[in-house]
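The values are calculated or read from the model by the stated rules, or taken from the named source; none is laboratory data. Worth saying up front: this structure is predicted, and the values here are computed from it rather than measured. Counting neighbours? That spans all protein chains shown, and the Cβs are built from the backbone with ideal geometry, glycine included.
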């Protein structure tokens, strides 16, 4: 674990570099030095086709725009996703958070060039465990940190509110996960901050016409994993990462996000550039005065983060 002094030092340098408009890769290197736990060495569970690093001199701090930092020829990027191990059925009026905290069964990261990695823990006989161990959750955090330090943009759909929150929880390193989250890109959170409500990966995949759909309902993944259908769930989590990559490419190419509404119609929202979570948090909060009921608030996305980390 890391000390309060180390975390404070990282937070101050991170904020000062962002205010100065400097790339955050140097800040990531300091963060890695402060948060790496030598008692938990890296252990790759599955590896195929490593992620290609971006061209030198490119900064993760720059927003992604059409035909500039986002193209395959100038910069690679990756998307990641987790699947929870907890089995439950949501009842009417219930929220997913009602069943928190969550354990993780399997997680994946897929690069824009198609390279992919999977994380899950194994029993003594080599079979996948029901849930991921702390060591393997920390290994995934180390991987995401390393990619950010190499200026590879890291994406996740609702990664701020869900994936990094529970990855940090399972790793026992919430502060470390929070720093990764601030430097990551979450198009869903960026959309929420403009419109005031969330939108699902499936709805955007349909609206953007990416030609790929989800392989199963997310609620079925824990049941399939516990039933021993591990490869099917692995294909599912990889598929969600691939869908996110295609959506990112579509948004940066068209400069808008289009989704299928619950009424079955289609709507769109301009997104001229994709921003890091830290940049979105500096934008004004969404206008939700038109909404009925409490709804989801921006603070709900970040209330899991240690105090003092949020940009001011």
Quiz item: Can you tell me which residues in segment 198-211 are surrounded by 14 or more Cβ atoms within 10 Å (Cβ to Cβ) and either modelled with pLDDT under 95 or not in a helix (DSSP H, G or I) (or both)?
Solution: 198, 199, 200, 210
Quiz prompt | Hits in segment 213-232 - residues which are surrounded by 14 or more Cβ atoms within 10 Å (Cβ to Cβ) and either touching a helix residue (DSSP H, G or I) at 6+ places or on another chain (Cβ under 7 Å) or without any contact (Cβ under 8 Å) to a residue 40 or more places away in the chain (or both) | solution = 214, 215, 216, 220, 221, 224, 225, 229, 232
Quiz item: For segment 213-221, does any single residue satisfy the condition of being in contact with a strand residue (DSSP E or B) (Cβ under 9 Å, 6 or more places away or on another chain) and modelled with pLDDT of 95 or more?
Solution: yes
Practice problem: Among what's in segment 212-237 and is within 18 Å of the chain's Cα centre (by Cα) and not in a helix (DSSP H, G or I), pick the residue that is farthest from residue 248 (Cα to Cα). | Solution: 218
Quiz item: Which residues, counting only those in segment 250-261, are surrounded by fewer than 18 Cβ atoms within 10 Å (Cβ to Cβ) and either free of Cβ contacts under 8 Å to residues at least 40 places away in the same chain or out of contact with any helix residue (DSSP H, G or I) (no Cβ under 9 Å at 6 or more places or on another chain) (or both)?
Solution: 253, 255, 256
Practice problem: Please go through segment 262-272 and pick out each residue that is at negative phi and surrounded by fewer than 18 Cβ atoms within 10 Å (Cβ to Cβ). | Solution: 262, 263, 265, 266, 267, 268, 269, 270, 272
Practice problem: Could you pull out the residue among 208, 132 that is touching a strand residue (DSSP E or B) at 6+ places or on another chain (Cβ under 7 Å) and over 21 Å from residue 97 (Cα atoms)? | Solution: 208
Practice problem: Find the residue count for segment 53-111, including only residues that are within 27 Å of residue 153 (Cβ to Cβ) and modelled with pLDDT of 90 or more. | Solution: 18
Quiz prompt | Among residues of segment 273-287, those that are surrounded by 14 or more Cβ atoms within 10 Å (Cβ to Cβ) and over 20 Å from the mean Cα position of the chain (by Cα), counted | solution = 1
